[in-house]
Amino acid sequence: MTINKTLNATELTVALTGRLDTTTAPHLEAELKTSLTGVDSLVMDFAELEYISSAGLRVLLSAQKVMNKQGKMVIRHANETILEVFEVTGFADILTVE
């Protein structure tokens with residue numbers, strides 16, 4: 001998985017490429033922990049994300065909890081497979097997906 005971060009004032013966009021699974025989730029979690037200070041808008045760009053596992057969902061939930069306290073988090077460009085995972089797991093009701 002590749003992580004590309006773009007900070008524009010207080011909006012951080014994190015674009016993921018590849019698979020967010022048990023192998024790559026800890027890397028994303030570490031990147032987010034060091035990047036969210038002072039951010040009031042987190043945009044997760046999933047245009048190039050192919051797959052997400054339960055480990056990836058846990059990282060998203062963690063990020064959502066942090067952003068609930070300091071701003072908002074939005075997921076954009078998720079493919080049908082990832083949207084289905086969100087629906088089945090109930091994450092579609094927790095996360096803001098555009």
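Return only the number of the condition from (1) touching a helix residue (DSSP H, G or I) at 6+ places or on another chain (Cβ under 8 Å); (2) under 22 Å from residue 6 (Cβ atoms); (3) of a type in the set (Lys, Arg) that residue 58 does not satisfy.
If we test residue 58 against (1) touching a helix residue (DSSP H, G or I) at 6+ places or on another chain (Cβ under 8 Å); (2) under 22 Å from residue 6 (Cβ atoms); (3) of a type in the set (Lys, Arg), just (2) comes out false.
So how many residues does segment 19-29 have that are among the charged types (D, E, K, R) and either touching a residue at least 40 places away in the same chain (Cβ under 8 Å) or in a strand (DSSP E or B) (or both)?
Going through segment 19-29 one residue at a time, the tally reaches 1.
Select from segment 8-22 the residues that are at pLDDT 95 or above and hydrophobic (A, V, I, L, M, F, W, C) and list them in ascending order.
12, 14, 15, 16, 20
Hey, any hits in segment 32-42 for a residue that's closer than 19 Å to residue 97 by Cα, touching a residue at least 24 places away in the same chain (Cβ under 8 Å) and part of a helix (DSSP H, G or I)?
Yes: segment 32-42 contains one or more residues that are closer than 19 Å to residue 97 by Cα, touching a residue at least 24 places away in the same chain (Cβ under 8 Å) and part of a helix (DSSP H, G or I).
Those residues that are farther than 19 Å from residue 9 by Cα, surrounded by 19 or more Cβ atoms within 10 Å (Cβ to Cβ) and touching a strand residue (DSSP E or B) at 6+ places or on another chain (Cβ under 8 Å), I need them from segment 24-52; list them, please. Don't jump to the end; show me each part of the working.
We begin by selecting, within segment 24-52, every residue farther than 19 Å from residue 9 by Cα; these are 24-30, 46-52.
If we keep only those that are surrounded by 19 or more Cβ atoms within 10 Å (Cβ to Cβ) as well, we get 24-25, 28, 46, 49, 52.
24, 28, 46, 49, 52 - these are the residues of segment 24-52 that are farther than 19 Å from residue 9 by Cα, surrounded by 19 or more Cβ atoms within 10 Å (Cβ to Cβ) and touching a strand residue (DSSP E or B) at 6+ places or on another chain (Cβ under 8 Å).
Does residue 55 satisfy being buried (at least 16 other Cβ atoms within 10 Å of the Cβ) and either under 17 Å from residue 73 (Cα atoms) or hydrophobic (A, V, I, L, M, F, W, C) (or both)?
When the stated conditions are applied, residue 55 passes them.
Any idea which of 94, 82 is out of contact with any Asp or Glu (no Cβ under 6 Å at 6 or more places or on another chain), modelled with pLDDT under 95 and either buried (at least 19 other Cβ atoms within 10 Å of the Cβ) or not acidic (Asp, Glu) (or both)?
94
Sort out which residues of segment 69-80 are within 15 Å of the chain's Cα centre (by Cα) and either among the small types (Gly, Ala, Ser) or not in a loop (DSSP other than H, G, I, E, B) (or both), and write them in order of number.
The initial filter retains those residues of segment 69-80 that are within 15 Å of the chain's Cα centre (by Cα), namely 71-79.
Within segment 69-80, 71, 72, 73, 74, 75, 76, 78 meet the criteria.
Just a yes or no: is a residue in segment 4-18 aliphatic (A, V, I, L, M), farther than 21 Å from residue 57 by Cβ and assigned to a strand (DSSP E or B)?
yes
The values are calculated or read from the model by the stated rules, or taken from the named source; none is laboratory data. Model, not experiment: these values are computed from the prediction. Using ideal geometry, Cβ is built from the backbone for each residue, glycine included, and neighbour counts are taken over all protein chains shown.
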